[in-house]
Amino acid sequence: MGDRLRLWSGMMLMAAAMPVAANAQEAPAASEAAAPTCPAKPAPLPDDLVGWTAPATDRAMTKYYPRAHLLRGLATRVSLYPVEKVAFLVAPAKPVLPGTHGGLMAIRVERAGRLKVALDGRAWVDLVAGPKRWVPVASVAHGHGPDCSGIAKIVEFDVVPGRYVLQIVNAPEAKIRAMAVAPRAMAAR
């Protein structure tokens, strides 16, 4: 009888703890929930991100055009399309969510190094190398921009000279601010 009572008590404790564990996965992390208080004049950005302060406007592509929509070291306010209208060059690494937005932006790399892609909102990004045969490039780092910069996400890729396309997928909004930061050796022209 004692063993049954202990077993039953243990099962009840586990059952009571299960909703707490499930809710912990759904709740935002403490760092996401508490946004920093930003000063009237934010601190200067690091040299490689200074282009974030000079936004331009462009429209993403729904299919690849080799000489159009080149994303460079300046922040660009990109108009996106419903994902159903975008002809992705390779299947995105994350499942495409209906009702979200996406697009393609061309990037030309002239020197090997680490390419950084910065976004001001939620979206998945894939980098694809080509153009003879389109191949996904694995990301090597993920992070957030400096506090109060407006940069929500930075994804980094190791690249060699060539043509690339940034695939933006699953953005909840039809516009996103994006910037491709060339490898440091490339930035000094």
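Residues in the stretch 63-86 that are in a strand (DSSP E or B) and at pLDDT below 70: Leu70 alone.
Of Gly130, Gly121, all but one fail to be under 30 Å from Asp147 (Cα atoms) and surrounded by 14 or more Cβ atoms within 10 Å (Cβ to Cβ); the exception is Gly121. The lone criterion from (1) part of a loop (DSSP other than H, G, I, E, B); (2) surrounded by 17 or more Cβ atoms within 10 Å (Cβ to Cβ) left unmet by Ile168 is number (1). Out of Val159, Val96, which single residue is in the same structural domain as Asp58 (by TED's automatic domain parsing) and in contact with a helix residue (DSSP H, G or I) (Cβ under 6 Å, 6 or more places away or on another chain)? Testing whether each residue is in the same structural domain as Asp58 (by TED's automatic domain parsing) and in contact with a helix residue (DSSP H, G or I) (Cβ under 6 Å, 6 or more places away or on another chain) leaves just Val96. Contact annotation: no residue pair with Cβ atoms under 6 Å, 6 or more positions apart or on different chains, pairs a residue in the stretch 41-67 that is more than 21 Å from Ile168 (Cα to Cα) and surrounded by 14 or more Cβ atoms within 10 Å (Cβ to Cβ) with a partner that is charged (D, E, K, R) and modelled with pLDDT under 75.
The values are calculated or read from the model by the stated rules, or taken from the named source; none is laboratory data. Just so you know, these numbers come straight off a predicted model, no measurement behind them. Reconstructed Cβ throughout: ideal geometry from the backbone, glycine too, with neighbour counts over all protein chains shown.
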